[in-house]
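Each remark here refers to the structure printed beneath this line.
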Amino acid sequence: MESEIRETKGAGRVLGGETRRRALNRELLLRTALSIVDEEGLESLTLRALGKRPGVSQTAVYRHIPDKAALLDGIVEQIWRDVVAGLGAKSDAEGEESGGREDGGADIEGTPDFRQLARNYALSLRSTLLRHPNTAVLMATHPISTPEQYGLIASALHTVALASSAASTSVSDAVRQPNCRPADLTGLIQSVTVLTTGYVIAEVTKPVGGAGGEPSEAAMREAMLQSEELQQFLAPLADPERAWSMEREFERALNAMLDGWGVE
């Protein structure tokens, strides 16, 4: 107990040492667990399976991850970590390419325009989930529940508020402006998260039950014969030159949400 107390007290003073080694060990375990999910699916992820991976000891697993719930929470944490990193990288790249917006990152009334940054967040979330498709359902069914996850989400909100403020405006000033309140940003991020995760699940998840789930062109054409009204609405779907694109439909839905987003 005394050694744990000394370690905690020293955590704020020293970046190296035992505290950092413990953090790196946990990070390594969670990255290894994520690789199991990527390769074999969530059903194959257990503490025992993690402990059998090369370079991982069973003792280390239980020291840092006490049970299956903590393991799944850790996977969610890793996904959020990648999403936040992707958002920051995208914002930095856009800033370098454009040198900043002509209006300094603000709308005509001087209020930060956070819609584009919320869109960047959605794209980062989507690309991360597509790299780890076996985690999509986990993300949708495991709400944020750990200090690490809350910290990462706060970091995402902080990034949006910072990047959406004018260059001469501090973050604290930006989030106090009427159309960029923390509650509004939180609601926007939550809605964008649900939309994005839902689209990814629809795109990557295998049909429930293991059969079916494929669109039937014959059924559609049969329906078109029933009435002119059905033919009118279904004809575009039967057009071979109008291929269905989940990515395109996702971006249409996302843009519609962001364009219509209001504040209370």
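Every test in (1) within 30 Å of residue 206 (Cα to Cα); (2) modelled with pLDDT of 80 or more; (3) more than 12 Å from the chain's Cα centre (by Cα) is passed by residue 138 save one, and that test is (3). Taking the listed residues 97, 43, 109, the one that is at negative phi, charged (D, E, K, R) and at pLDDT 85 or above is 43, with no other qualifying.
Name the single residue that is nearest to residue 144 (Cα to Cα) among those in the range 45-59 being assigned to a helix (DSSP H, G or I) and under 28 Å from the mean Cα position of the chain (by Cα). It would help to see each step written out before you state the result.
The initial filter retains those residues of the range 45-59 that are assigned to a helix (DSSP H, G or I), namely 47-51, 58-59.
Those left that are additionally under 28 Å from the mean Cα position of the chain (by Cα): 47-51.
Values: 47: 21, 48: 25, 49: 25, 50: 23, 51: 26 Å.
It comes out as 47.
Restricting the first member to the range 115-140 and to residues that are over 15 Å from residue 190 (Cα atoms), and the second to residues that are of a type in the set (Ser, Thr, Tyr) and at pLDDT below 95, the beta-carbon pairs closer than 7 Å and six or more apart or on different chains are 136/205; 137/205. Taking residues in the range 186-206 that are modelled with pLDDT of 90 or more, and partners anywhere that are part of a helix (DSSP H, G or I) and of a type in the set (Ser, Thr, Tyr), the pairs with Cβ atoms closer than 8 Å and at least 6 places apart or on different chains are 192/121.
The values are calculated or read from the model by the stated rules, or taken from the named source; none is laboratory data. Keep in mind that what you see is a predicted model, and the values were worked out from it rather than measured. Glycine gets a Cβ as well: all are built from the backbone with ideal geometry, and neighbour counts include every protein chain shown.
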